Amino acid sequence: MPAYVGLLRAVNLGEGTLVRMEELRSLLEKEGLDQVRTLLNSGNIVFRSSSRSGATLERSLSDKIARSFHVKTELFLRSAHEWETIVAHNPFLTEARVGPGHLLVLVLRDSPSPDRWRALQGAIRGRERFQEAGRHAYVVYPDGVGRSKFTSALIESKLETAGTLRNWNTVTKLGALVGGLEGARANSR
């Protein structure tokens with residue numbers, strides 16, 4: 001069974017966004033997913049699924065989670081291989097080593113056109129910078145995310161697609177978790 005990383009968008013940020021991770025794991029196991037693990041309390045999931053279509057699984061689980069928890073959220077799925085590629089191709093190695101909390105990965109629903117990426121570049125008003133890579137991008141916030149004007153809402157409006165951000169510490173921890181699932185699969189053969 002393939003392994004996946006799932007990222008819920010905008011959960012556990014305040015009233016009306018509560019998703020308890022133990023309840024999420026239980027729901028996903030009832031949906032037939034295997035070896036469901038969560039990381040932190042911000043909607044990071046790894047699991048195995050017999051589904052060979054990540055897009056179909058993504059839509060189905062996103063709807064079920066939103067309905068079950070009565071929250072407005074979306075799920076972004078990446079296969080273990082896609083996540084491994086995200087980690088391996090980070091163009092900001094110094095930032096990852098020196099300030100992993102200031103390096104974020106933006107996971108997107110769709111791949112924006114070159115015009116959309118240029119529009120996003122033109123919207124930067126601070127010292128932020130990014131490197132696009134299809135359905136994701138690496139974003140550096142040298143002065144931190146909290147006060148930056150380079151917000152998720154701005155990014156989504158310029159790229160014309162939904163997305164969610166995770167800092168580099170979380171990205172690498174998810175990589176280790178999903179890699180463990182992949183390793184367990186290889187060892188069981």
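The values are calculated or read from the model by the stated rules, or taken from the named source; none is laboratory data. Keep in mind that this is a model prediction, so the values were computed, not measured. Quick reminder, even Gly has a Cβ in these numbers, built from the backbone with ideal geometry, and neighbours come from all protein chains shown.
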#### Entry: Meets criteria (assigned to a loop (DSSP other than H, G, I, E, B), within 16 Å of I155 (Cα to Cα) and not small (G, A, S)) for R127
yes
### Task
May I ask you to verify whether V71 is touching a strand residue (DSSP E or B) at 6+ places or on another chain (Cβ under 7 Å) and within 26 Å of E58 (Cα to Cα)?
no
### Message
Return the pair list, or none, for Cβ contacts closer than 8 Å from residues in the range 163-189 that are of a type in the set (D, E) to residues that are assigned to a helix (DSSP H, G or I) and at pLDDT 85 or above, at least 6 apart or on different chains.
### Response
E182/A80
## Note on the structure
Expected single match for among the aliphatic types (A, V, I, L, M), outside any loop (DSSP other than H, G, I, E, B), in the same structural domain as L18 (by TED's automatic domain parsing) and modelled with pLDDT of 95 or more among L154, L77, L120, L106 is L77
#### Entry: the range 107-136 residues that are closer than 15 Å to F76 by Cβ, paired with ones that are assigned to a strand (DSSP E or B) and among the β-branched types (V, I, T) (beta carbon under 7 Å, 6 or more apart)
V107/T164; H136/V105; H136/V107
### Query
What is the one condition in (1) surrounded by 16 or more Cβ atoms within 10 Å (Cβ to Cβ); (2) of a type outside the set (S, T, N, Q); (3) modelled with pLDDT of 95 or more that D143 does not satisfy?
(1)
### Task
Give the residue, chosen from R59, R78, R25, that is among the charged types (D, E, K, R) and in contact (Cβ under 8 Å) with a residue 40 or more places away in the chain.
R78
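For (1) of a type outside the set (S, T, N, Q); (2) closer than 19 Å to L8 by Cα; (3) surrounded by 13 or more Cβ atoms within 10 Å (Cβ to Cβ), each residue gets a yes or a no:
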position	(1), (2), (3)
L75	yes, yes, yes
R78	yes, yes, yes
I86	yes, yes, yes
A96	yes, no, yes
P112	yes, no, yes
Q121	no, no, no
F130	yes, no, yes
H136	yes, yes, yes
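For every residue, the table says whether it meets (1) part of a helix (DSSP H, G or I); (2) of a type in the set (D, E).
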site	(1), (2)
E23	yes, yes
E29	yes, yes
G32	no, no
N41	no, no
S68	yes, no
K72	no, no
### Task
For L40, state whether it is touching a strand residue (DSSP E or B) at 6+ places or on another chain (Cβ under 6 Å) and in the same structural domain as S26 (by TED's automatic domain parsing).
no
### Summary
A55 passes all but one of the listed conditions (1) of a type in the set (A, V, I, L, M); (2) assigned to a loop (DSSP other than H, G, I, E, B); (3) surrounded by fewer than 16 Cβ atoms within 10 Å (Cβ to Cβ); the exception is number (2)
### Task
Answer yes if at least one residue in the range 172-179 is of a type in the set (K, R) and surrounded by fewer than 20 Cβ atoms within 10 Å (Cβ to Cβ), and no otherwise.
yes
### Task
May I ask you to list the residues in the range 60-73 that are within 23 Å of R135 (Cα to Cα) and either surrounded by fewer than 18 Cβ atoms within 10 Å (Cβ to Cβ) or not hydrophobic (A, V, I, L, M, F, W, C) (or both)?
S60, S62, D63, A66, K72, T73
